[in-house]
Amino acid sequence: MKICVLVKEVPDAAVTKRIDPSTGRMDRSGEKNLNPYDTHAIEAAMQLKEGGEVEVEEIVAVSMGPASAVRALHKAVSLGADRSVHLSDDALAGSDVAATGYALASAIKAESPDLVLLGQQSDDGECYTIGAVVAEHLGMPSLTQVVKMDVEGSGVKCERQAEYGYDTVQVTFPAVISVGDAINEPRYPSLKAIMGAKKKPLETKSVGDASIDVSMVGADGSQVQCGEFKAPPQKAAGQIIEDEDTNETVEKIVAWLDERKLI
Ligand SMILES: Cc1cc2nc3c(=O)[nH]c(=O)nc-3n(C[C@H](O)[C@H](O)[C@H](O)COP(=O)(O)OP(=O)(O)OC[C@H]3O[C@@H](n4cnc5c(N)ncnc54)[C@H](O)[C@@H]3O)c2cc1C
């Protein structure tokens, strides 16, 4: 079995996210990192490989992004992927979700994977949709929010976290599965794996290499038009009550809530 894991480079959690008003796109300057949600997808692939229920020949990390996205791919390899594919081309800049999903699916097609795993959401765009778009273009079933996977015969039995409880769904390979962050506890990469990651094969693909129709990607190939962005209004500073006498503090809090008709 071959597993492709989709991984994205996102601004580090400590970086304040803002939209660049001149482009209408997210300002991607500053420290970047591998999308934390994608580490769960890599871990899920590793657990399938190590679990022994199915023979996993290869785990391939795939990312679409600028040159800096190579670091996210190195991290994915240090966490267990065998090699990586970097889809990078100026023609892809400004792609919306539909265009991004189409481009990623085009790059994945050449790999003919049995399973495509991805995170539930990116830490920047948070669209939760790439899995479904990729699956549609690959003509594969799509499962989202999967928190348990058990290989059974020629497919996998999955538990999906839903608002009302859990769905149990059986799907046959090939399939696209986005995993919820409750599925596992991702491992930390060893120092040896971090050092060795840069030596693992990394293939860089342009739109031409991936047979991508350029009229379907980039700003011109995207249907979404972003309008005006405004920063949310500044919040008023909170009131700090020093706790010198707990009974008095409780009274002050209750009076504060009562004044605002919150209790
Ligand atoms: C008008 C417009 C212009 C945009 N321009 C740009 C731009 O120039 N540059 C840019 O980077 N983004 C751009 N975006 C954002 C881009 O469309 C989204 O980041 C992308 O579609 C994925 O959506 P998401 O990050 O919310 O993914 P989600 O659906 O929340 O992600 C789910 C999972 O999909 C996988 N995934 C998502 N994106 C990638 C990726 N790129 N590579 C590999 N795996 C991935 C990850 O496993 C992730 O956990 C633009 C969006 C719009 C609306």
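The values are calculated or read from the model by the stated rules, or taken from the named source; none is laboratory data. Since we're looking at a predicted model, the values are computed, not measured. Positions of Cβ are backbone-derived with ideal geometry, glycine not excepted, and every protein chain shown enters the neighbour counts.
Observations, loosely collected:
- Residues satisfying the stated conditions in region 94-126, i.e. under 20 Å from residue 49 (Cα atoms) and among the hydrophobic types (A, V, I, L, M, F, W, C): 108, 115, 116, 117, 118
Residue-by-condition table, conditions (1) closer than 26 Å to residue 95 by Cα; (2) of a type outside the set (Phe, Trp, Tyr); (3) loosely packed, with under 11 Cβ neighbours inside 10 Å:
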| site | (1), (2), (3) |
| --- | --- |
| 157 | no, yes, no |
| 167 | no, yes, no |
| 173 | no, no, no |
| 180 | yes, yes, no |
| 189 | no, yes, no |
| 200 | no, yes, no |
| 220 | yes, yes, no |
| 228 | yes, yes, yes |
| 236 | no, yes, yes |
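- Tally of residues being within 13 Å of the ligand (Cβ to nearest atom) and not hydrophobic (A, V, I, L, M, F, W, C) across region 107-135: 11
- Failed criterion for residue 81 (all others in (1) part of a loop (DSSP other than H, G, I, E, B); (2) surrounded by fewer than 21 Cβ atoms within 10 Å (Cβ to Cβ) hold): (2)
- Residues considered: 111, 126. Of these, the only one that is among the acidic types (Asp, Glu), over 20 Å from residue 212 (Cβ atoms) and assigned to a loop (DSSP other than H, G, I, E, B) is 126.
- Matching entry among 20, 27, 12, 38 (being under 18 Å from residue 126 (Cβ atoms), among the acidic types (Asp, Glu) and at pLDDT 95 or above): 38
- Test result for residue 209, closer than 27 Å to residue 83 by Cβ, under 21 Å from the mean Cα position of the chain (by Cα) and either surrounded by 15 or more Cβ atoms within 10 Å (Cβ to Cβ) or among the aliphatic types (A, V, I, L, M) (or both): no
- In the set (1) over 13 Å from residue 91 (Cα atoms); (2) hydroxyl-bearing (Ser, Thr, Tyr); (3) more than 24 Å from the chain's Cα centre (by Cα), the condition left unmet by residue 204 is number (3).
- Residue count for region 1-51, restricted to those that are touching a residue at least 12 places away in the same chain (Cβ under 8 Å) and in a strand (DSSP E or B): 14
- Flag if residue 75 is basic (Lys, Arg) and closer than 28 Å to residue 226 by Cβ: no
- Members of region 129-155 that are among the β-branched types (Val, Ile, Thr) and part of a loop (DSSP other than H, G, I, E, B): 129
- Yes/no for residue 124 being surrounded by fewer than 20 Cβ atoms within 10 Å (Cβ to Cβ) and free of Cβ contacts under 8 Å to residues at least 24 places away in the same chain: no
- Restricting the search to strands (runs of 3 or more DSSP E) fully inside region 156-258 and requiring at least 2 residues that are of a type in the set (A, V, I, L, M) gives 165-172, 175-179.
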